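Participant: Just dropping this structure here.
No value in this document is a laboratory result; all are computed from the given coordinates. None of these values were measured; they are calculated from a predicted model. For neighbour counting, all protein chains shown are included, and Cβ atoms are generated from backbone atoms with ideal geometry for every residue, glycine included.
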Amino acid sequence: MLPVRVRFAPSPTGPFHIGGARSALFNWLFARHYGGTFIVRIEDTDLERSTRESEENILNALRWLGLNWDEGIEVGGPNGPYRQTERLELYRRYTDALLKSGQAYRCYCTEEELAAEREEQLAKGEMVRYMGRCRDLSPEQCAALEAEGRKPVIRFRVPEDHVIRFNDLVRGEVSFDCGGIGDFIIVKSDGIPTYNFAVVIDDHTMSISHVIRAEEHLSNTPRQILIYEALGWQVPEFAHVSLILGQDRSKMSKRHGATAIEQYQAKGYLPEALVNFLALLGWSPGGEEEVLPLQQMVEQFSLERVSKSPAVFDLEKLNWLNGNYIRTSPLERITDMAIPFLEKAGYISLPLTEKKYEWVKMLVALVRDYLNCLEEITEHAAVFFDDKVAIDEGEAREILAGEKVPAVLKALKTKVTTGPALTETGAKRMLKEVGKELGVKGKEIFMPVRVALTGHTHGPDLNRVMAILGQDGVVRRLEQAIIGREK
RNA sequence: GGCCCAUUGGUCAAGCGGUCUAAGACACCGCCCUUUCACGGCGGUAACAUGGGUUCGAAUCCCAUAUGGGUCACCA
């Protein structure tokens, strides 16, 4: 078997999409599984829409996800440059060769003429394709057209009566009839090659062994194979991965919600959770365990286990996975990730003192069970940053209106005021003593205290809540509740 | 519309002719844990698109139909 060389070749025309990330991931997993090479190349032949900014975004997202590449843009390698607009000279060579051999020709049709042809075909229900008007122009005709000021495009002469077959590594045997493919453009009138042409030259000159990409490229494959054949090159293996769909089962796009990787990053999703989720979308591990560290995915990955049918993006499952990683990752890491969100909410200001950091860590440890993503920490932490407690409507107010409540709160306030700095065990002890002294049992003491301190009837462990609030915080909130009662 | 691809529970999916009275995960429901909630544990509801073949036997193979998707650019 040839050495495995795969590539991810995004066009830098917008934010880095979920679908692109999955393609990159599958290529990466494939390369790592077989000890091959993972290459990143930039396909920026669309001069209008390509920007360096989105190229940067994509590369950053790739790095954030942990998908490092061995060769390509920024890291270099023997087959560079890795940006298509920097390889124009190379494409020109092959264009000339095809022109010389008659496998390509110049076409002078205007966009208007092409559009008219297209509409006619569409109206007749035929396959839309170029009918070959300029196929057999003589040099004299070309010169005349050019004298008119028409700038030609270069089209590939598609052989008639030819069927392209290939064995797709995920879809199996696929075939296309060339009769349905018109002579397609390989070089635009501005001299820039089109995707279908450049991709073949790049993949070949970079010795790509397997082209793993999204299914939307399936119908481009016969065109590309035609070019490989015309140039006498060996055709690589293809693997077309099915698309990611939105809830309505159409190709996932912005209207389905967050589709850019950086949006998930900004909401506080962990890269490994996203990677794990993306891997599960269209691929299934052999065993029953679905929460998999990267290394295990590398070991288990194979194209044979990649699904042929499209997958609906399920945010609930991503949330579950991410929550899972939030709960099981080292506390310090989660704390560090949570800090920017707390800062942005105005709850803390940086830099943190050692003591304050430890305090934030306690807080994070307390609320992380509740989180789908780090962004949500602000809503769960809010109650610790404002001594003016807003009491929930309904049940919470009823609880606070209980007959024994003032006595309980006052007794606790006294205990906390006179006691040492609050700790989890200290709080627990005080609560117990208050209960004993007043002859009040369980719920009647815990619930009013919880409501007085947090405003809610539900929430994390009360002892730890008290420890985090600290002596002052607890006292202020108890006072406030007592005053509220007396009014 | 032409061409291409797909079709197992609400979602992701295992299954590659008998071991399928069809796994697992998310979601949902119930129970347990917890003087709350969440986490966690245990259990439950829920699926082979339809119709024809092939075969002793089909979720698995073939053909239609239906449904969904992709693609038909001087975009990639």
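Participant: Using the 10 angstrom Cβ neighbour count as an exposure proxy, how do A:PHE277, A:PHE238 rank, fewest first?
Facilitator: A:PHE238, A:PHE277
Participant: A follow-up question, please. Can you tell me what share of the DSSP beta bridges in chain A is antiparallel? A percent to the nearest 5 is fine.
Facilitator: Given both bridge residues lie in chain A, the antiparallel proportion sits at roughly 55 percent.
Participant: Enter the angle in degrees (range 0 to 90, nearest 10) between the Cα long axis of helix A:424-438 and the first principal axis of the Cα atoms of chain A, meaning the one along which they spread out most.
Facilitator: 40 degrees
Participant: Okay, moving on. Along the Cα→Cβ direction, 7 angstrom out, place labels at A:LYS410 and A:GLU395. What is the inter-label distance in nm?
Facilitator: For A:LYS410 paired with A:GLU395, the spin-label model returns 2.9 nm.
Participant: Looking at the stretch A:366-398, which GluC sites (Glu not before Pro) are in a loop (DSSP not H, G, I, E or B) and have at most 15 other Cβ atoms within 10 Å?
Facilitator: For GluC sites (Glu not before Pro) across the stretch A:366-398 that sit outside H, G, I, E and B with at most 15 neighbouring Cβ atoms in 10 Å, the list reads A:GLU393.
Participant: Using a Förster distance of 60 Å, how high is the FRET efficiency between A:SER189 and A:ARG327, based on the Cβ-Cβ distance and rounded to 0.05?
Facilitator: 0.55
Participant: Right, next: Going toward the positive end of the dipole of the stretch A:390-471, with +1 on Lys and Arg Cβ and -1 on Asp and Glu Cβ, which of A:HIS456, A:THR418, A:ILE468 do you reach last?
Facilitator: A:THR418
Participant: Another one. Can you tell me the convex hull volume per residue for chain A, based on C-alpha atoms, in Å³ to the nearest whole number?
Facilitator: 205 Å³
Participant: Relative to the longest principal axis of the C-alpha atoms of chain A, give the angle of the C-alpha long axis of helix A:18-33, reported between 0 and 90° and rounded to the nearest 10°.
Facilitator: Long axis of A:18-33 versus the principal axis of chain A: about 80 degrees.
Participant: Right, next: So between A:GLN247 and A:SER309, what do we pick up on full extension, going 0.36 nm a residue minus the alpha carbon distance?
Facilitator: Extending this stretch completely gives an extra 20.8 nm.
Participant: Starting from the Cα of A:LYS404, draw a straight line to each of the aspartates and glutamates and keep only those under 17 Å, dropping any in the same chain fewer than 8 residues away.
Facilitator: Excluding near neighbours in sequence, the set is A:GLU395, A:GLU433, A:GLU437, A:GLU444, A:GLU479, A:GLU486.
Participant: When you count, for each residue, the other Cβ atoms within 10 Å and take the mean per peptide, how do A:290-302, A:177-189, A:197-209 rank with the highest first?
Facilitator: Result, highest mean first: A:197-209, A:177-189, A:290-302.
Participant: From the residues A:ALA260, A:TYR34, A:PRO12, which one has its Cα farthest along the dipole of chain A in the positive direction, the dipole being from +1 and -1 charges on Cβ of Lys/Arg and Asp/Glu about the Cα centre?
Facilitator: Farthest towards the positive end: A:ALA260.
Participant: Another question about this same structure. Per DSSP H run of n ≥ 4, the term is -39500 (n - 2.57); total these for chain A, divide by its residue number, and report the mean residue ellipticity at 222 nm rounded to 500 deg cm²/dmol.
Facilitator: Rounded to the nearest 500, it is -15000 deg cm²/dmol.
Participant: Check A:ARG157: other-chain or 5+ apart residues with amide H under 5 Å from its amide H, H built from backbone geometry?
Facilitator: Long-range HN contacts for A:ARG157: A:ALA104, A:TYR105.
Participant: I want to make sure I understand the PRE zone here: with the label point 7 angstrom from the Cα of A:LEU114 toward its beta carbon, which residues in the stretch A:140-164 have backbone N atoms less than 16 Å away?
Facilitator: Residues A:150-158 qualify, since their backbone N sits under 16 Å from the label point.
Participant: Can you figure out the FRET efficiency of A:GLU86 with A:GLU173, using R₀ = 45 Å and their beta-carbon distance, to the nearest 0.05?
Facilitator: After rounding to 0.05, the efficiency reads 0.75.
Participant: Now, a different point. If one computes the Cα centroid of the stretch A:383-448 and of the stretch A:161-178, what distance in Å separates the two points?
Facilitator: 73 Å
Participant: Per 10 Å bin, what is the whole-percent P(r) computed from every C-alpha pair distance within the stretch A:337-473?
Facilitator: 11, 40, 33, 13, 1
Participant: Using the Cα centre of the stretch A:221-306 as the reference point, and only Cβ charges (+1 on K/R, -1 on D/E), how large is the resulting charge dipole? Debye, rounded to the nearest 20.
Facilitator: 580 debye
Participant: Follow-up question, since we're still on this one. For chain A, can you list the cysteines whose C-beta has no other cysteine C-beta under 4.7 Å from it?
Facilitator: Flagged as lacking a Cys partner: A:CYS109, A:CYS142, A:CYS178, A:CYS373.
Participant: Another question, if that's okay. Give me the count of lysine pairs in the stretch A:280-365 whose alpha carbons sit under 26 angstrom apart, restricted to pairs 8 or more positions apart or on different chains.
Facilitator: Eligible lysine pairs with Cα atoms under 26 Å apart amount to 4.
Participant: Hey, can you rank A:327-335, A:472-480 by average C-beta count inside 10 Å, highest first?
Facilitator: Ranking the peptides A:327-335, A:472-480 by packing returns A:472-480, A:327-335.
Participant: For chain A, with only Lys/Arg (+1) and Asp/Glu (-1) charged at the beta-carbon, what is the dipole magnitude about the Cα centre, in debye rounded to 20?
Facilitator: Once rounded to the nearest 20, the dipole reads 1740 debye.
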